[in-house]
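Notes follow the structure.
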Amino acid sequence: MKEKDKKLTDIIDGMSLEDKALMLTQYPIDSICGNKEIVTGCWDMDGMTNDMIMRVGTVLNVANGETADRIRAIRKENGIDDPLMFMLDVIHGYRTIFPIPLAMACSFDTELVEECARIAAVEAAADGVDATFSPMVDLARDARWGRVMETAGEDPYLGGEMGKAYIRGYHNGGLACCVKHFAAYGAAEGGRDYDTTDVSERNLNEYYLRAYCECVKEKPEMFMSSFNLLNGKPLLAHPELTVDKLRDEWGFDGVLISDYNAVRELNVHGYAATPRDCALTAFNAELDIEMCSPCYANNLPDLVREGVVDEKSLDEKVYRVLKMKDRCGLYDIDKSTDTQKRDKITLCEEFRAAAKKAEERSCVLLKNDGVLPLKKSANIALVGPFADEKYIFGHWASTGRADDVVTVKQGIERTLGRTVESEKGCSYDLLSDDESGFDAAVRFAQNSDVIVACVGEHMYNSGESHSRADIALPKVQTALLRRLKTLGKPVVLVVFGGRPLALTDVLPLADAVLYAWQGGTECGSAIASLLYGDAVPSAKTVMSFPRSSGQCPIYYNHFQTGRPRASGKPAVLSGDICTVGYDDEYNDPLFPFGYGLSYTTFDYSDLKLDKAKMRRDGKIAATVTVNNTGDRDGTEIVQWYIRDKFASVVRPVKELKGYERVELKAGESKTVRFEITKDTLAFFTDGGAFDAESGDFDLFVGGNSRDCLQTGFSLVD
Ligand code: NOJ
């Protein structure tokens, strides 16, 4: 047990039971303090009086320094000395908005992610925010799930690396942060947000928990528990995860906070019969802060008085919250907003430039039959519902402003130095069947050299609670593209999405496809520089792109079955039966994990190992030559995968073990090196240990998870 800080224990000694329960309660308000200024959040905090509300330890959703100052002042006037802590979802930027995390992960660029998180933190901290509820490191295998946009995709290793980069960035920028949603929230059945998960212990340890565990190394201040049922019990009824795993095994000594209203939802799940039971269940799962429900506030004091809950354990939780506040410096300074400083840095040129670079490195070029990059002299017809749309910056950017956003049209105008016109053609509404704008769009495109069609899903059709059953491009947009295709002109698609959309139907209608995700404040300027070749695409997909919704969940690191279908084709085409697959669909995705094109081409050769056998205390150095075979400079993301061929439990067909962004001038070659040790090969063995087993391994290296050079080596005792 580490020694406690006396300053904090003295504070706890002076607190009543009620004060302690309120310290563990987070209130959802924009304005606080027991007078007319109270505006309650959308959830009812029944039973909590204004006086109680004024004394809570932390609040969320105050996104304005002046309001934070006002709240602090009112608390002071009412004799409350303890510094309130302000928390907010700063997910992909504060005022300068960066691409959504799923997009940023496609850069495979942890330095970039760290820098963007730092900027977000600097802006947020200058506006009164003390902590963000980010990073989210849930594993995402099902593109129907709305929240894949907040993740780093389907690979647990990459998820951990990205999560750590966000934490470092937030800390460097002066913000505390919270790893979420612990645990397995991404495994929601049917891809429906908030839905049940059922995950074996093996799958949990090996895949779902991996990134959370990795993040502990960067010392985040908080972990957030998730909403979901896991294997029949709500997350807050899994002390073996929240206590044994998180605290005891991983050594996390920060604050565990619930998700919004999740303590009260223990009742809705059918697990805890009363608010008192809810409080007790969460308390026993070592939950420190209850977010936005009043079970702790209304019940903990009595639970202690009745002897059901031990006051020492209550004090432990309070201590953790105070410690977090102290770590943020809240006891040392009298915080107040320096509005001049804030206004000077907010959305400054430097931050905008970082946002542009981030989107340039996040957009994935999925197809290019030679039409890109566009010639600046070409007469383009800019069409589609997102051609001049500002709501392309990303779903979880509530402090972002549409007015700040550069649209694709504006970006192109800046790049070309002249005005361009655009025509929507149709709406982005998911269920729209209104084709009345088609004729105008076709007329508009008739005399162009090339059509640039900005299509996709609206940013509010992904994100929390926005799951989709059909992830194809909305039908009306596909119909518009069919009409445009009849003009016989080259068509470039710029696709917006918070998830990989199933593009099978529209791929043949396009000569090039640039997948832009949701790209932050500078979305349009980054897209323009990529379209015109001022920047060269380098990003790679971090989720497999399904051919159809029915393929979900689909991920590259799956297991081999006993009956693999060699052709991978639908049975109606191949006649294959009694092998794994569909009658009416291919097995492989439309674009595999790690895939993405450039304006140049890369060739891989000379995959070599310095030895074919490795002892357990040894290592193998692998090298490969990567050659830029095109006539443009470019960046290739070199990816290393392994497969453990036989083990005490079956291993995935491929597992990402390393990657590197390699810049290559036209014609240049570089040797890329990768080291393999026992740790690279470790997994949860049948005996339950995280260890490597002796035997044979495949090593793959390439520019995506499908097209790789391959060699092999052995681990020997
Ligand atoms: C619910 C979301 O699941 C979580 O990610 C978020 O941090 C909280 N609400 C607070 O807004």
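Looking at the range 228-339, the accessible area is 39 square angstrom per residue; that uses a 1.4 Å probe and ignores ligands, DNA and RNA. Here the label points at Thr561 and Lys613, each 7 Å from Cα along the C-beta direction, are separated by 3.8 nm in the simple model.
Once both labels are positioned 7 Å from their Cα atoms along Cα-to-Cβ, the gap between Asp334 and Asp633 label points is 5.3 nm.
The packing ranking of peptides 226-234, 425-433, 381-389, highest mean first, is 381-389, 226-234, 425-433, where packing means the average number of other beta carbon atoms within 10 angstrom of each residue. By accessible area, using a 1.4 Å probe on protein heavy atoms only, the chain has 47% of its surface on carbon and sulfur.
Rounded, prolate or oblate, given the Cα gyration tensor of the range 579-662, with a/c below 1.5 counting as rounded? In terms of gyration-tensor shape, oblate. Shape of the range 602-716 from the C-alpha gyration tensor: prolate (a/c of 1.5 or more and a/b above b/c, with a ≥ b ≥ c the square roots of its eigenvalues).
Report the relative contact order of the range 602-716, percent, no decimals, based on alpha-carbon pairs under 8 angstrom and at least 6 residues apart. With pairs under 8 Å counted, the relative contact order is 32 percent. Segment Asp449..Arg70, full-extension length gain: 130.7 nm, with 0.36 nm per residue of separation and the alpha-carbon distance subtracted. Here's the list of lysines a cross-link from Lys375 could span, going by alpha-carbon distance under 27 Å and ignoring same-chain residues fewer than 8 apart: Lys356, Lys357, Lys367, Lys390, Lys409, Lys424, Lys485, Lys489, Lys540, Lys665.
A straight chain from Thr671 to Asp13 at 0.36 nm per residue would run longer than the Cα-Cα distance by 230.7 nm.
Surface listing: His181, His395 arranged by accessible area from highest to lowest gives His395, His181, probe 1.4 Å.
Mind scanning Lys233/Lys317; Lys233/Lys654; Lys20/Lys325; Lys613/Lys645; Lys2/Lys217; Lys2/Lys317 and naming the pairs with a C-alpha gap bigger than 20 Å?
Table pairs above 20 Å Cα-Cα are Lys233/Lys317; Lys233/Lys654.
Couplings for the range 485-497, taken from phi via the Karplus curve 6.51 cos²θ - 1.76 cosθ + 1.60 with θ = phi - 60°, read 4, 5, 6, x, 9, x, 10, 10, 9, 10, 10, 9, x Hz in order; Gly and Pro are left as x. Sequence-distant contacts, meaning Cα pairs under 8 Å at least 6 residues apart, place the relative contact order of the chain at 13 percent. Rolling a 1.4 angstrom probe over the protein heavy atoms with all chains in place gives the range 48-110 an accessible area of 27 Å² per residue.
Looking at the chain only, what percent of DSSP beta bridges run antiparallel? Nearest 5 please.
55
Helix content alone sets the calculated 222 nm mean residue ellipticity of the chain: runs of n ≥ 4 DSSP H residues at -39500 (n - 2.57) each, divided across all residues, give -7500 deg cm²/dmol. Would you please classify the overall shape of the range 207-275 from the alpha carbon gyration tensor, given that a ≥ b ≥ c denote the square roots of the eigenvalues, rounded means a/c under 1.5, and beyond that prolate means a/b larger than b/c while oblate covers the rest? Prolate shape, in that a/c is at least 1.5 and a/b is the bigger ratio. Structural descriptor for the range 107-182: relative contact order 49 percent, calculated from alpha carbon pairs under 8 angstrom and at least 6 residues apart. Peptide packing for 89-96, 104-111 was compared via the average number of neighbouring C-beta atoms within 10 Å per residue; ordered from the highest value, the list is 89-96, 104-111. Solvent exposure of the range 448-526, expressed per residue, is 24 Å² of accessible area, with all protein chains present and a 1.4 angstrom probe.
The values are calculated or read from the model by the stated rules, or taken from the named source; none is laboratory data. The structure displayed is predicted, hence computed values, not measured ones. Because the Cβ atoms are built from the backbone with ideal geometry, glycine has one as well, and the counts that use them run over all protein chains shown. Note: areas computed on protein heavy atoms with side chains; ligands, DNA, RNA excluded. Shrake-Rupley method; radii C 1.70, N 1.55, O 1.52, S 1.80 Å.
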